[in-house]
């Protein structure tokens, strides 16, 4: 699909992305690069990193990959410093690294719960903490009069509740809290924008393959407002908007990109039944004797 943004939207910017070598993270890496940014990717799997960097370079995007685990502060510091050494600056940090799997709460071990919390929430804070000195206004490697941008990839699971996702729901709730608090503190002190994106079901991703795409059948029409899966491109466009000058006055917001799914519930009655019920209630109201409540009829 053709981007609605100009090709130089992020010209001269350097973006560091955790989890940027696959899935939604790689699409953001690609679109940021196509719109002028230089790309640094952090990940645990060298093979995935090499493949992602090779693909980006093949289409003319300056890119480099660094092995590292967001759960380890020393890795976070090393990757941030390596990005500065390679590109001279960091303007955008995208925290897209995440862990997920289906499991009931009673079958989830405390260690499994902790692992997802460590990757999603502790890892997000660790990366933000290590990048701060390079993102803030007047920070090392920055000559800009304004601060940098942080984007945290969240989810909508914790807005209500989700079956077999207690670990991810807790972790993403923490990510949203991190986003708001850093937006307040670092937006005030350092002119850094901190926002989030909460994707809905996105096709052709590891998350959809692991979490049950077969459930997206004809019955979904009853509770999916736009009745379709999102695309990785949709999330990347939201990220571009928040990272660009178009989003320069947006701070502390987690943008929901799910076609309205998080608002929805299965219908208890079909539309025709609702109409019939409504007409029946109206008729009772019209026919009711004056002064007699319809509830008494």
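Within the range 221-231, does at least one residue satisfy the condition of being outside any loop (DSSP other than H, G, I, E, B), assigned by TED's automatic domain parsing to the domain that holds residue 179, within 24 Å of residue 161 (Cα to Cα) and at pLDDT 70 or above? The answer is yes, given that some residue of the range 221-231 is outside any loop (DSSP other than H, G, I, E, B), assigned by TED's automatic domain parsing to the domain that holds residue 179, within 24 Å of residue 161 (Cα to Cα) and at pLDDT 70 or above.
Need at least 3 residues that are modelled with pLDDT of 95 or more per element, so show me which helices (runs of 4 or more DSSP H) inside the range 115-211 make the cut, counting only ones lying wholly within it. Of the helices (runs of 4 or more DSSP H) lying wholly inside the range 115-211, those with at least 3 residues that are modelled with pLDDT of 95 or more span 123-135, 166-190.
Residue-wise test of (1) closer than 24 Å to residue 115 by Cα; (2) crowded, with 24+ Cβ neighbours inside 10 Å; (3) not assigned by TED's automatic domain parsing to the domain that holds residue 241.
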| residue | (1), (2), (3) |
| --- | --- |
| 3 | no, no, yes |
| 7 | no, no, yes |
| 18 | yes, yes, no |
| 42 | yes, yes, no |
| 49 | yes, no, no |
| 62 | no, no, no |
| 79 | yes, yes, no |
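The values are calculated or read from the model by the stated rules, or taken from the named source; none is laboratory data. Remember, predicted model here, so these are calculated numbers, not experimental data. Cβ sites come from the backbone with ideal geometry, for glycine too, and all protein chains shown count toward neighbours.
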